[in-house]
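What follows is a set of notes on a single structure, which appears directly below.
Every number here is computed from the coordinates shown, using simple stated rules; none is lab data. Please read all numbers here as calculations on a predicted model, not as lab measurements. Note: ideal-geometry Cβ built from the backbone for every residue, glycine included; neighbour counts use all protein chains shown.
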Amino acid sequence: MEKTRICIVGAGGWGEQHSRACAARSDVVIAGIFSRTLARAQARTLTYGGQAYDDLDAMIDRERPDLVMVSLPNRDHFAPTLHLIERGCNLVVEKPLVFDPVEADRLVAAAAKRTLFAAINFNHRYAKPIVLAREAIRAGRIGTPVFATWRFGGEGGVCDRHDNLIETQCHGFDQLEDLCGPIRSLMAQMRVDVVKGPSTLALALDFANDAVGALVGSYDASYGHPGTHRLEICGDAGRIVVEDTVKRFTLHRHGSDLGETWEAGYFDDRNRDFHHTMDRHLEAILAAFRAGRAPPIPITAGQRAVHLAHAAIRSWTDGVRVSVPAP
């Protein structure tokens, strides 16, 4: 098989996971790694290969990648992503897509105009418990969803641009809509920390299929706590619970004390490791890209999460329930 040439934009923490996942594959060549600080790119290439760059255009011109993976600081995605799209690059963008819905719309429109392969890394979808939940729901094993709850909280910094809501709870929006269908309307409450800003929030959700839900997210907690993440989806025939994304999946049918549980076995470090959800997503991305199919998670999913977040901001600001147009 001809190897896929990939350039990586960003030499930060999650950019390293992009580099690691690519370097682990025999069917991928890391052609270049870009950082705004050349020394950081050079350090990364020593570990994972490729040529180091601090000039984005020079990297694209010289390396001519098949695919570009973008993982810059969360607030800095828009300009380089738009530039790569205008250069005609197929790409995978780290979440959040952007912070501004107008910018999200521009990116999606620009990529569609050029018929590019444009994906976003909502890697939570590739955790084994989430895969099992999706399969069980689609097989009708819990019946029709009635309610869903998502809770995710840990340490965080400033939230002057609703960072917790946009850069972290975007996973919650994506997960809940992937499993339960579109959110039809929402109402928001937020706690404003005197230093951080609106760092903890609770949303009441109404789904298009008449299920209801709740999303609670915080930057005032700790990722070190057991049960920092919990997803529960209850149908009219059963209930699913996912604990800490990769830790445990359980399913109980209504009226039964007996259920079923998945938890990574003693030697199954790969499924136990959150970072390896990136590897499974990359596998799906490459399969779709090489087959000429649409991305498994297109950037429109990132656009959707930004629009839902801003609907929550409007709800909190105005003290009203906000309807959300169908995607």
(message) Which entries of 3/113; 113/196; 95/128 have Cα-Cα distances beyond 31 Å here?
(response) 113/196
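Given the Cα-Cα distance of residue 317 and residue 260 and 0.36 nm per residue of separation, how much length would full extension add, in nm?
Full extension from residue 317 to residue 260 adds 16.2 nm.
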(request) Could you state the angle between the C-alpha long axis of helix 13-23 and the longest principal axis of the C-alpha atoms of the chain, as a value from 0 to 90 degrees rounded to the nearest 10? (result) 70 degrees
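Compute the normalised compactness of the range 226-284: alpha-carbon radius of gyration over 2.2 N^0.38 Å, N being the residue count. Present the calculation step by step, with values, prior to reporting the outcome.
Values: Rg = 13.5 Å, N = 59, 2.2 N^0.38 = 10.4 Å.
So the Cα radius of gyration is 1.30 times the expected 2.2 N^0.38 Å.
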(request) Taking the chain as the reference, fit the longest principal axis to its C-alpha atoms, fit the long axis of helix 101-113 to the helix C-alpha atoms, and give the angle between the two in degrees, 0 to 90, nearest 10. (result) 60 degrees
(message) Under a crude label model (7 Å from the Cα following the beta-carbon direction), how far is residue 86 from residue 223 in nanometres?
(response) 3.4 nm
(request) Taking amide H positions as placed in the peptide plane 1.01 Å from N, state which residues far from residue 92 in sequence (5 or more) or on other chains have amide H under 5 Å from it. (result) 68, 69, 70, 119
(message) Going by Cα centres, the range 111-150 and the range 30-77 are how many Å apart?
(response) 30 Å
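Using 0.36 nm times the number of residues separating residue 326 and residue 269, minus their current alpha carbon distance, what extension gain do you get? Don't jump to the answer; show the numbers that get you there.
Values: separation 57, 0.36 × 57 = 20.52 nm, distance 3.90 nm.
Gain on extension, residue 326 to residue 269, equals 16.6 nm.
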(message) What percentages make up the Cα-Cα pair-distance distribution of the range 89-138 when the bins are 5 Å wide from 0?
(response) 4, 18, 20, 18, 13, 13, 12, 1
(request) Scale the Cα Rg of the range 1-113 by the rule-of-thumb value 2.2 N^0.38 Å and send over the ratio, two decimals. (result) 1.01
(request) Kindly provide log₁₀ I(q)/I(0) values, in the same order as q = 0.09, 0.18 Å⁻¹, from the Debye equation applied to equal alpha-carbon scatterers of the range 147-265. (result) -0.27, -0.96
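What share of the DSSP beta bridges in the range 141-275 is antiparallel, in percent to the nearest 5?
For the range 141-275, the DSSP antiparallel bridge percentage is about 85.
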(message) Checking a compactness column here: for the chain, what do you get for Rg(Cα) / (2.2 N^0.38 Å), N being the number of residues?
(response) 1.01
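Quick check: net charge around residue 136, other residues with Cβ under 12 Å of its Cβ, Lys/Arg +1 and Asp/Glu -1?
Working: positive: 134, 138, 141, 239, 253; negative: 135, 260.
My count for the surroundings of residue 136 gives +3.
For an R0 of 30 angstrom, estimate the FRET efficiency from the Cβ-Cβ distance between residue 79 and residue 191 and round to the nearest 0.05. Intermediate results must be reported in sequence, preceding the final value.
On the way: r = 32 Å, r/R0 = 1.07.
For residue 79 and residue 191, the calculated efficiency is 0.40.
So if I place +1 on the C-beta of Lys and Arg and -1 on the C-beta of Asp and Glu, and nothing else carries charge, what would the dipole magnitude of the range 165-252 be about its Cα centre? I want it in debye, nearest 20. Numbers along the way, then the final one.
Values: 7 positive and 12 negative charges, 46 e Å.
Dipole about the Cα centre, nearest 20: 220 debye.
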(message) For the chain, take the longest principal axis of its alpha carbons; what is the angle in degrees between that and the long axis of helix 38-48, to the nearest 10 within 0 to 90?
(response) 80 degrees
